[in-house]
Amino acid sequence: ILMTTFILMGFPHAPALDTPLFGIFLVIYLLTVVGNLLILLVISMDSHLHTPMYYFLANLSFIDMWFSTVTVPKMLMTLVSPGGKTISFHSCMAQLYSFHFLGITECFLYTVMSYDRYLAISYPLRYSSMMSGRMCALLATTTWLTRSLHSAVQTILTFRLPYCGPQQIQHYICDAPAILKLACADTSAIEMVIFFNIGVVASSCFLLIVLSYVSIVCSIFKIRTSEGRHRAFQTCTSHCIVVLCFFGPGVFIYLRPGSKNAVDGVVTIFYTVLTPLLNPVVYTLRNKEVKKALLKLKDKVTYSQSK
């Protein structure tokens, strides 16, 4: 009998922790959505932030907001309601597509952002012409469109297999490695596709980012003033922090041999729940321009309320 529903078993934890974990993850989710919405609002309203770097940061905030929305609400339902663990076949398919589409798009966006920083620091005089508004739009559009096709292919390959039991997915989301364990057919070919599409592509992106930053560091050391070097390093540090937090768990899950459900579930929490929150925190706390824009926005709101 082919299955029409799956049961998400969640991540391993003591039942007594259901309510505390629900509260913690709910607060993190709300902060993530509000934080990323705030960044989008600030960038759109402040003309000083209408630059390539903040254009890509706005794209990143949009992705993070939806990346968290695709995964966290369903996870919260599995913590507080037995019925919340059930997910239909088509809902599972939609979640898998959205999860990989947003995740791999974010992966490519980090690569584009590192390229942008490379051009800004290595070619400051030619930067505005090399990274024009048209080029930014082209890079972003190409990233979104190609990754949507990538995710569609992977989703179709995963769900065209017959699934006949058991129903339990040992995860809190519909992720390909966990779903394939329920298939009643040989999955080795699809596992190789996943390994290439996610693991190899993500590793290639990470390698390109590393190469960009090696070139950036070489360019920074050529800057004559210490203040200039400090500003250049500060600009890149925020990006490096979120890149490491995003790529580390993903490579751990998709590139290592074998799969341990308990470990995968816990590691996935890091880049599906915490990393989307980390981005607005890092980019606001470490970025003077964003903090100035936030203060301006606050003053505008205060002024409008006082009238």
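Structure notes:
- Between 0 and 90 degrees, the angle of helix 89-122 with respect to the longest Cα principal axis of the chain falls at about 20 degrees.
- Crossing angle, helix 288-306 versus the chain [Cα axis fit, 0-90 degrees, rounded to tens]: 90 degrees
- Note that region 5-306 presents 49 Å² accessible area per residue, ligands and nucleic acids not counted, probe 1.4 Å.
- Each residue of region 134-236 gets 137 Å³ once the volume of the Cα convex hull is shared out per residue.
- Of Lys181, Lys85, Lys292, the residue with the greatest mean-square motion in the GNM of the chain, using alpha carbon springs below 10 Å, is Lys292.
- Under the Debye formula (equal points on every Cα, no solvent term), log10 I(q)/I(0) of region 1-74 at q = 0.18, 0.23 Å⁻¹: -0.80, -1.01
- Of the trypsin sites (Lys or Arg not before Pro) found in region 107-166, those that fall in a DSSP loop while having at most 13 other beta-carbon atoms within 10 Å are Arg126, Arg160.
- Most fluctuating residue given options Pro82, Pro276, Pro73, as computed from a GNM of the chain linking Cα atoms under 10 Å: Pro82
- Count, lysine Cα pairs under 27 Å in the chain, 8 or more residues apart or across chains: 16
- Here the Debye sum runs over all C-alpha atoms of the chain as equal scatterers in vacuum, and log10 of I(q)/I(0) at q = 0.13 Å⁻¹ comes out as -0.97.
- Its relative contact order, with pairs defined as Cα atoms under 8 Å and 6+ residues apart, puts the chain at 29 percent.
- Isotropically averaged projected area of region 75-115, using the convex hull of Cα atoms (one quarter of hull area), nm²: 3.5 nm²
- Principal axis analysis of the Cα atoms in region 96-161 yields extents of 54, 18, 12 Å, listed in decreasing size.
- With every protein chain in place, region 89-189: carbon and sulfur % of accessible area (1.4 Å): 65 percent
- Spread of Cα-to-Cα distances over 5 Å intervals beginning at zero, given as percent, for region 15-164: 2, 8, 14, 15, 16, 14, 11, 8, 5, 3, 2, 0, 0
The values are calculated or read from the model by the stated rules, or taken from the named source; none is laboratory data. On a predicted model such as this, the values are computed, not experimentally measured, just so you know. Because the Cβ atoms are built from the backbone with ideal geometry, glycine has one as well, and the counts that use them run over all protein chains shown. In case anyone asks, the SASA skips ligands and DNA or RNA and just uses the protein heavy atoms, side chains included. Shrake-Rupley method; radii C 1.70, N 1.55, O 1.52, S 1.80 Å.
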